[in-house]
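Step one of this worksheet: look at the structure below.
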Amino acid sequence: MKKILLFGAGKSATSLIDYLGKCCEEKNWKLSVCDSDLLLVQSKTNHFSSAEAFSFDISDQEKRQEFISSADIVISMLPASLHFLVARDCVAFSKNLLTPSYIDEKLKMLEKEIDKKGLLFLGEMGLDPGIDHMSAMKIINKIKKDNGEIISFKSHCGGLIAPESDNNPWHYKITWNPANVVAAGSAGAIYKNENEIIEVEYKDIFKDESQELDVPNLGLYAWYANRDSLSYIDTYHLDGIKTFIRTTLRKPSFCRGWNKIIQLDLTNKNDHDQIKNCKTFDDWFSLKKEKMFSLKNDFAEDDFFNEEFSEQIDFFSLRSDNQVPEKVSTSAELLQYILEVQLSMKPNDKDMIIMLHEIEYTLNGKNQGIKSCLVVKGENQIHTAMSKTVGLPLGIATKLILENKIKITGLHIPVIPGIYE
């Protein structure tokens, strides 16, 4: 009997658990799901006879190793910072590992041991990164096979709210980890545009209002650049390409508003001293506003707090007497708390995934272009498009590995035909 071990049962894991639960019922396999919230796991596994729910602290080495050593394959849906704990044990006990997260330098340190033991560690196997890699590489390899030369690659992806559930001035609701929404763009970005390397600081990430595109049948969206696009030029085998950028999509009004949230320093993770004396949201907001205007004299307050942004901050109740929760100690934590309250999905809300590749190339001396678009809508607050598009690639890959249909070993992301086909 094959045993699948999954760490993490949060928002993005619902469709993965459903898919694996059905696979295990059909094939007489076993699924173990571990999360810090036992009731959450039970709610997602109790309708599968082949699935078991567990809860323990992932930092408990003895317990963690007990579970990993008895599994055939391991999937980590934990926060990215915790993958290495699981990865190290997977190497020690010779277990294959899958994650939806970016492969970081820590994981790369294990590459020689992964190769030596003939294991498969498959990262970036969700939506973005994940489906974007697979769909892009299929197109890129087809163009190259036809002797085309790719001159521009732009890949846009966003976890958004469906138009029928879009009813707030931010035109956005939380469909994944809210801490990541608060921290979006904080690492800055670097990409290539018309043979020029563009570096963008955090304070400017959401600033450029020219960064807009029309999504077929859905209208105008804005994009902001993702972290390091340049590293994927080699990964995609596009050496010499003139333009290469990977981005995240939002509504234009969201980007305009979030740019001002950053200017107000409301995403600060290290301002304990400033916020400790703030009792209400208004105390906090007034403090930040006064500090910003004391540093910037190049625009008027009326222009900054225009009708659009005033509506957005009032939706967040930033100028209210709402009490700052005791557990909150930084601006980033307070903003996350506000997002979780004000931008949460209602039970029947539908989220939406948009992915759009824009590829320009030359073939037989002529300029050509391809736009490849994916739109997925969720069913409700639980069965989301985000959950489907992050979880199903992981689930399908897990099944194919256990069936010995993916035989590749090493540390990989899904950019090779043996995986993406």
Give the residue that is farthest from S387 (Cα to Cα), with candidates limited to residues of the range 1-26 that are more than 21 Å from the chain's Cα centre (by Cα), open to solvent by 70 Å² or more (accessible area, probe 1.4 Å) and in contact (Cβ under 8 Å) with a residue 40 or more places away in the chain. K2
Given the condition open to solvent by 20 Å² or more (accessible area, probe 1.4 Å), in contact with a helix residue (DSSP H, G or I) (Cβ under 8 Å, 6 or more places away or on another chain) and part of a loop (DSSP other than H, G, I, E, B), answer yes or no: does some residue in the range 145-167 qualify? no
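So that you can scan it fast, the table gives a plain yes or no per residue for (1) surrounded by fewer than 14 Cβ atoms within 10 Å (Cβ to Cβ); (2) touching a helix residue (DSSP H, G or I) at 6+ places or on another chain (Cβ under 8 Å); (3) assigned to a strand (DSSP E or B); (4) not basic (K, R):
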| site | (1), (2), (3), (4) |
| --- | --- |
| K44 | no, yes, no, no |
| Y102 | no, yes, no, yes |
| E124 | no, yes, no, yes |
| I140 | no, no, no, yes |
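Can K242 be described as over 27 Å from G159 (Cβ atoms), at pLDDT 95 or above and not aromatic (F, W, Y)?
Details: over 27 Å from G159 (Cβ atoms): yes; at pLDDT 95 or above: yes; not aromatic (F, W, Y): yes.
For K242, the condition - over 27 Å from G159 (Cβ atoms), at pLDDT 95 or above and not aromatic (F, W, Y) - is met.
Taking the stated definitions as given, is K203 open to solvent by 70 Å² or more (accessible area, probe 1.4 Å), outside any loop (DSSP other than H, G, I, E, B) and basic (K, R)?
yes
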List the residue pairs whose Cβ atoms are under 7 Å apart, where the first residue sits in the range 266-281 and is at negative phi, the second is of a type in the set (D, E), and the two are 6 or more positions apart or on different chains. T280/D321
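The values are calculated or read from the model by the stated rules, or taken from the named source; none is laboratory data. The shown structure was predicted, so the numbers you read here are calculated from the model rather than taken from an experiment. Cβ: placed from backbone, ideal geometry, glycine included. Neighbour counts: every protein chain shown. These accessible areas exclude ligands, DNA and RNA; they are computed on the full protein's heavy atoms, side chains included. Shrake-Rupley method; radii C 1.70, N 1.55, O 1.52, S 1.80 Å.
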